[in-house]
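The values are calculated or read from the model by the stated rules, or taken from the named source; none is laboratory data. Computed from a predicted structure; not experimentally measured. Cβ sites come from the backbone with ideal geometry, for glycine too, and all protein chains shown count toward neighbours. We work out accessible area using only protein heavy atoms, side chains counted, and drop any ligands, DNA or RNA first. Shrake-Rupley method; radii C 1.70, N 1.55, O 1.52, S 1.80 Å.
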Amino acid sequence: MYLGAPITKKKEEKKEDDSNSNSNSTETTDNKTKAKKISEYKLPRDIGSGLLKFCLTHSDSPNLQDTVLPVDRDPKDYEWLRQAFDNLEDDAKRMKKILDLIQEEKTTNSMVISSLQQLEFYIEDLDNAGDLIKLGGIPILVNLLESEESGIRAESATCLAIVAQSEPTIQQYYDSIGVLDKCINMLSKETVSICREKYLSLISSIFGYDNRANMDSHKLEIIVKLATTFLSPQVDLFLTDSSTPVVVDNSVAGITKACFFLTKLFIAFPPLVGKSLEYGIVEGFINLISAFNQQKEHSHAQIIMVEKAELGLYQLLASKDQNIIQYCKDSNCKSLINQRLSLLNKDKEQYQVEIDNLDNILKMIK
């Protein structure tokens, strides 16, 4: 590794210095010594194989501080390395500082939210996610799910979901300490749109481990019903402590997540397909396609949403459940699909996958 050449004078400058040195005979010995000390050491020209080996072998503090130095290298090189390592801090230490800050009494809500957003950056790395568990971070995040501040609830759920993604051992760990049950309970009484979305993402992230077949049927039913409440732009929620419904808006991201999650559940738990009519899931998918068709302009997020709704409907029809097929025939599903196809066929190359999916739906309800 090249760290830069030592500072040297140009030849022309050196000649001038030599000539000037004859005329500057009044310069004192002390000034010469002081000038030499300032310029005698900057950076090592080349870290070299020996110093590199030393660096790799003794990089863990305090080992670097305590190791006896080899004698074949300028000690100043090692001093430079020591100072460099003193300024380094690994991700685990940074996460520990974040967790400590979150738990301090003087920490404000905005500081907690900012800290959780910083934490998200580190835990995208799987190794860091594992270190967060070792640091005792998961119980801290779980407790934050019940914060009175909606931003804290949303960010803590996001962090927990990131850690659990695609990692069966962590998903099982969550299940063992009751994260799933807690999140189900939180979602059942949450009215803030962003928090509902993040809770659903967290629940979805836990569904990936091998023993999911042992899921309690009653718990699974609750999860499906909660996910179904996302299948419309607005939903009337009847909370446990009130007989009056609360009107809650659903974000496009939340609707998209629900469509994807329900499709995932149909594949993992085939008996759920038979209850999709009862729970209003088939109707929800069709209504989402209808609402999309009624809009003149669409955002990229809305396009992804309708694609997930179409995929969910296709998955239900692919089960060949005659009740679902008949429901789609009796509704305006066929005209909705044709309306969507009329737009997509203008750019077949870009939308071929979605076109194929819609064509298959039409074949099943013809």
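Would you point out which residue out of Leu265, Leu288 is in contact (Cβ under 8 Å) with a residue 24 or more places away in the chain and more than 22 Å from Leu362 (Cα to Cα)?
Leu265
Under 9 Å by Cβ, and 6 or more places apart or on different chains, what pairs join a residue from the range 205-230 that is more than 13 Å from Ala268 (Cβ to Cβ) and surrounded by 15 or more Cβ atoms within 10 Å (Cβ to Cβ) with one that is modelled with pLDDT of 90 or more and among the acidic types (Asp, Glu)?
Phe230/Glu197
Only helices (runs of 4 or more DSSP H) wholly contained in the range 266-348 count here; list those with 2 or more residues that are open to solvent by 60 Å² or more (accessible area, probe 1.4 Å), of a type outside the set (A, V, I, L, M) and farther than 18 Å from Leu358 by Cβ.
Values: elements: 281-294, 300-318, 322-330, 333-344.
So the answer is 322-330.
Specify the residue that is surrounded by the most Cβ atoms within 10 Å (Cβ to Cβ); the eligible residues are those in the range 159-187 that are under 27 Å from Glu148 (Cβ atoms) and more than 20 Å from the chain's Cα centre (by Cα).
Met186
Check whether at least one residue in the range 233-249 is part of a helix (DSSP H, G or I) and of a type outside the set (Phe, Trp, Tyr), and report yes or no. First the steps, then the outcome.
Taking the range 233-249 and keeping what is part of a helix (DSSP H, G or I), we get none.
Checking the range 233-249: not a single residue is part of a helix (DSSP H, G or I) and of a type outside the set (Phe, Trp, Tyr).
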